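> Have a look at this one before I ask anything.
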Amino acid sequence: MPELPEMEHYKLLLQEKIQGKPITAVAIQREKSINLPTEAFIQQVTMQKVIGIERRAKYLIFYLENGAHLLLHLMLGGWLFYGKAEEKPNRTVQVQLSFGDQHLYFIGLRLGYLHYVTTHQLQEELQHLGPESLDPNFSLDTFLDLLQTKRGALKTTLISQEFIAGIGNRYSDEILWHARLLPKRKVTELDQEQKVRLFQSIQTVLRRAIQLGGYMDNPFYQGDQKTGGAMGRMYVHGQEGEACPRCGASIVMAEISSRKTFYCQMCQK
């Protein structure tokens with residue numbers, strides 16, 4: 001499932017490609033991917049200018065000229081492609097937004113969705129989310145205060161969207177490896193230095209993944225050389241049996257909170 005770095009990367013690309021442009025046509029191939037009847041959705045969205053695109057946690061928010069929003073969650077298997085009709089990947093498209101002869105294709109939305117929402121509905125949908133870890137106002141002191149309320153395992157804590165928004169299964173493993181902390185470790189067992197290290201690792205790992213273009217397999221546009229650059233640069237996630245890049249010991253996999261979790265038994269303490 002795409003996490004904060006992937007959605008942030010998409011946000012930056014979409015701001016470059018479609019921000020300030022009107023949606024000239026809408027095509028819906030799967031009505032379950034939207035939250036209105038097809039004709040109503042098309043009527044509300046067509047010819048609306050996209051005046052801004054922002055990310056919140058694992059969501060993207062398209063701000064429309066009429067004051068409404070499109071709320072996107074890709075869930076498991078969803079991805080985006082932007083280009084002309086002849087450039088479209090040979091995949092089933094659930095939703096298509098057109099910008100003249102260029103189109104934004106929403107692919108793999110079997111679980112994901114693109115909803116048309118009011119500002120009030122948007123606030124209700126996102127109200128459960130914790131703070132953004134890369135927000136300039138998210139300080140070490142804020143992080144330490146949040147940790148005071150937690151008692152569970154580090155892995156479980158990091159993937160809780162109510163704790164910090166946007167971190168999922170993949171990057172929780174990467175963060176804990178970077179911080180040299182075992183995912184089964186309890187929050188209450190950490191000393192001050194380890195808490196500081198965890199905060200710093202959250203910042204470092206997520207920013208690095210954004211710079212690399214996230215892990216998505218598929219390019220965002222024809223000729224895109226950046227999207228997915230993080231896939232081959234994972235420290236431990238998905239690397240069971242491989243050598244730890246820090247100490248050389250074999251990376252192991254265990255299930256924590258029903259999630260496959262990858263870590264190094266030797267250098268994570």
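> Going by the conditions given, is D141 under 21 Å from M234 (Cα atoms), of a type outside the set (A, V, I, L, M) and modelled with pLDDT of 95 or more?
no
> Shifting gears a bit: Take G67 and decide whether it is within 28 Å of D224 (Cα to Cα) and surrounded by fewer than 19 Cβ atoms within 10 Å (Cβ to Cβ).
The answer is no for G67.
> Inside segment 144-181, can you point out the residues that are charged (D, E, K, R) and farther than 26 Å from L212 by Cα?
Hits for segment 144-181 are D145, K150, R151, E162.
> Identify, by number, the condition in (1) open to solvent by 60 Å² or more (accessible area, probe 1.4 Å); (2) over 27 Å from K21 (Cβ atoms); (3) of a type in the set (A, V, I, L, M, F, W, C) that F138 doesn't meet.
Failing condition for F138: (1).
> Here is a further query. Just give me the residues in segment 246-265 being open to solvent by 80 Å² or more (accessible area, probe 1.4 Å) and of a type outside the set (G, A, S), in sequence order.
Scanning segment 246-265 gives E255, R259, K260, Q265.
> Residues in segment 97-104: is at least one within 17 Å of E6 (Cα to Cα) and surrounded by 12 or more Cβ atoms within 10 Å (Cβ to Cβ)?
yes
> Restricting to segment 242-269, name every residue that is in a strand (DSSP E or B), touching a strand residue (DSSP E or B) at 6+ places or on another chain (Cβ under 8 Å) and in contact (Cβ under 8 Å) with a residue 60 or more places away in the chain.
If the condition is that a residue be in a strand (DSSP E or B), touching a strand residue (DSSP E or B) at 6+ places or on another chain (Cβ under 8 Å) and in contact (Cβ under 8 Å) with a residue 60 or more places away in the chain, then A254, I256, K260, T261, F262, Y263, C264 are the ones that fit.
The values are calculated or read from the model by the stated rules, or taken from the named source; none is laboratory data. Predicted model only: the values in this text are computed from it and were never measured. Note that we place each Cβ from the backbone using ideal geometry, even for glycine, and neighbour counts take in every protein chain shown. Note: accessible area is taken over every heavy atom of the protein model, side chains too, but ligands, DNA and RNA are not part of it. Shrake-Rupley method; radii C 1.70, N 1.55, O 1.52, S 1.80 Å.
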